[in-house]
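Working notes, structure below.
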Amino acid sequence: MLNLPNFLTILRIIAIPIFLIFLTDGRVGAALVTFVLAGITDSVDGAIARLTNTRTTLGAYMDPLADKMLILSAFVVLALMEVVPRWLTVVVISRDVIILIGYLTLFLLTQQLMEIRPSAISKAATFLHLVTLSAVLLSLWKSQAVSAAARSALFAITGTVTAISGFHYIYRGLRWYQQKSVAPSPSPAGH
């Protein structure tokens, strides 16, 4: 169970409080390095799991959970520091809450688990979250590194793609529910 991809995921989870401590203590350079390294482990652990055929059920649950913990905690703290717009943080958190509530609702209605596979738009949203947060951290560390206009554009693009991703998950969930709730019609007797 504790293969290399899962070990990297665990390291990413351990990095989250370290990142937050650095960030809230004003050690932005160290926070940026920790955040970027944690983001890199996300790509590396998935690639290693695919290449070495070492995917596990534990990893399938831990990996997206580690991503969410890293991204959501960074958005919340940076919004509280007033360097990320609160509306963007609300959009990012709301999307994940709606997905979770929808997933649980579908399970309660059908008593079946819907397989959640990240779509291309969802992967794009996660990528934009990481880029946006990295750009904000970089601009906190070196004030002229990323212009205010570039950050504003990133905020708008990230918010839009995140919202579209949320609507896409809702659409997929409703389609799945419709397929599960349509029972085959009984054939007429005697025919």
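Rule-based calculations on the coordinates, nothing more; no lab input. This structure is a prediction, so every number in the text was calculated from the model and none was measured. We place every Cβ from the backbone using ideal geometry, glycine too, and count neighbours over all the protein chains shown.
Counting Lys and Arg as +1 and Asp and Glu as -1, what is the net charge of the other residues whose Cβ lies under 15 Å from the Cβ of Ala47? Could you put the intermediate results ahead of the total?
Numbers: positive: Arg12, Arg50, Arg55, Lys123; negative: Asp42, Asp45, Asp63, Asp67.
Once positives and negatives cancel, what remains is 0.
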Original post:
So what's the back-of-envelope 222 nm ellipticity for the chain, counting only DSSP H runs of four-plus at -39500 (n - 2.57) apiece and dividing by all residues, rounded to 500?
Top reply: -28000 deg cm²/dmol
Subject >> Alpha carbon centroid spacing (whole Å) that separates segment 141-176 from segment 18-52 >> reply: 20 Å
Original post:
Anyone know which of Gly159, Gly59, Gly26 comes out most mobile in the 10 Å Cα GNM of the chain?
Top reply: Gly26
Subject >> Formal net charge of residues neighbouring Ala66 (Cβ-Cβ distance under 11 Å; K, R +1; D, E -1) >> reply: -2
